[in-house]
Amino acid sequence: MIDCIARLAPTALLVSIAVLWASPPVSLAQSAVQFEDPAMKGSLTAFDYPTIPPEYHGTWADRSANCYATSDRGRQVTVSASAIGFDRLLKVEGYSDHPAVLVTAQSAEEGVIRVFLDISLDRSHIEIRRAGADAAEVLLRCPPPSAVADPASIADDGWLSQAEGACQSGEFGLFLEAFMSSEFIERRYLAPRIRIVTPAKATSVPAHQYRPVPIRSLDYSYVLNDGSFAQKVRAEFTALPDGGYRLDWRRTSHDPSEDADEVDQAAGLYGPPGWLIFERTATCWQLAEDGTGF
């Protein structure tokens with residue numbers, strides 16, 4: 001899915017709110033879309049509960065033909081209660097008499113970013129602008145995924161709702177099920193850098209270079225994420241003192257060619273053990289470490 005935020009003009013500096021708000025209209029064709037009078041904004045205040053307002057939730061695109069496009073075509077972004085595209089929410093500021101909001105988010109590639117959102121009077125379009133960008137983009141609201149017959153989007157949308165609900169309720173088991181069932185959810189809840197730990201060395205990679213997680217959820221059980229999904233895995237998670245969780249896993253399928261030192265026949269476990277560590281954030285959890293070895 002294409003993230004329109006990543007396609008806006010990059011900037012190394014954050015400008016003042018006054019400059020952020022003062023970008024010129026994006027085009028004459030979009031001028032017919034009416035937004036609330038900017039003079040109504042007043043002063044920004046931080047929301048007590050950092051969630052993006054429901055009226056912004058959904059998928060937005062530069063034109064209807066690009067809604068839910070899976071190829072590199074056009075611009076689209078999905079906004080949820082806790083994220084804009086793959087950028088995870090840190091803070092939301094808004095106004096008492098105006099629907100516009102200023103979102104501070106964590107980008108895997110750019111660190112902390114600030115994004116201005118405004119919604120049209122008829123709720124059919126949003127204006128989206130990065131701090132420091134030369135201009136804004138106006139995107140139209142896409143119909144529900146079911147209306148465009150995109151089964152993958154429908155499935156991911158269901159896991160997205162489950163993940164966001166689990167983040168709010170603190171039910172890590174439900175969050176983990178969504179994370180392990182959807183690559184879309186996985187990419188959304190990655191730390192900016194992932195620690196990779198093996199017996200030989202420990203290193204880290206930026207989130208956009210991280211491989212898919214080594215295991216997946218399939219038919220209410222875990223399997224090795226090797227493309228065949230044929231090797232069963234036993235996985236158990238335990239709570240960490242800081243609010244995070246550690247998921248330990250190991251194969252339950254035997255490969256006759258593997259080293260005897262990597263076999264625990266009494267427990268029915270095979271191969272080197274692995275683990276994933278999910279750190280607690282202000283709004284949810286994020287995968288921070290992927291380890292393998294003894």
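The values are calculated or read from the model by the stated rules, or taken from the named source; none is laboratory data. Treat the numbers as computed from the prediction; the structure is a model and nothing was measured. Here the Cβ is made from the backbone with ideal geometry for all residues, glycine too, and neighbour counts use every protein chain on show.
Yes or no, residue by residue, for (1) part of a strand (DSSP E or B); (2) modelled with pLDDT of 90 or more; (3) surrounded by fewer than 17 Cβ atoms within 10 Å (Cβ to Cβ):
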site: ALA65; (1), (2), (3): no, no, yes
site: THR70; (1), (2), (3): no, no, yes
site: GLU93; (1), (2), (3): yes, no, no
site: PRO99; (1), (2), (3): no, no, no
site: ALA105; (1), (2), (3): yes, no, no
site: LEU117; (1), (2), (3): yes, yes, no
site: ALA135; (1), (2), (3): no, no, yes
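Looking at region 120-133 only, could you name the residues that are within 19 Å of ASP87 (Cβ to Cβ) and surrounded by fewer than 21 Cβ atoms within 10 Å (Cβ to Cβ)?
Hits for region 120-133 are GLU127, ALA131, GLY132, ALA133.
When region 177-217 is examined, which residues are found to be surrounded by fewer than 16 Cβ atoms within 10 Å (Cβ to Cβ), among the hydrophobic types (A, V, I, L, M, F, W, C) and under 23 Å from the mean Cα position of the chain (by Cα)?
Answer for region 177-217, where residues must be surrounded by fewer than 16 Cβ atoms within 10 Å (Cβ to Cβ), among the hydrophobic types (A, V, I, L, M, F, W, C) and under 23 Å from the mean Cα position of the chain (by Cα): just VAL205.
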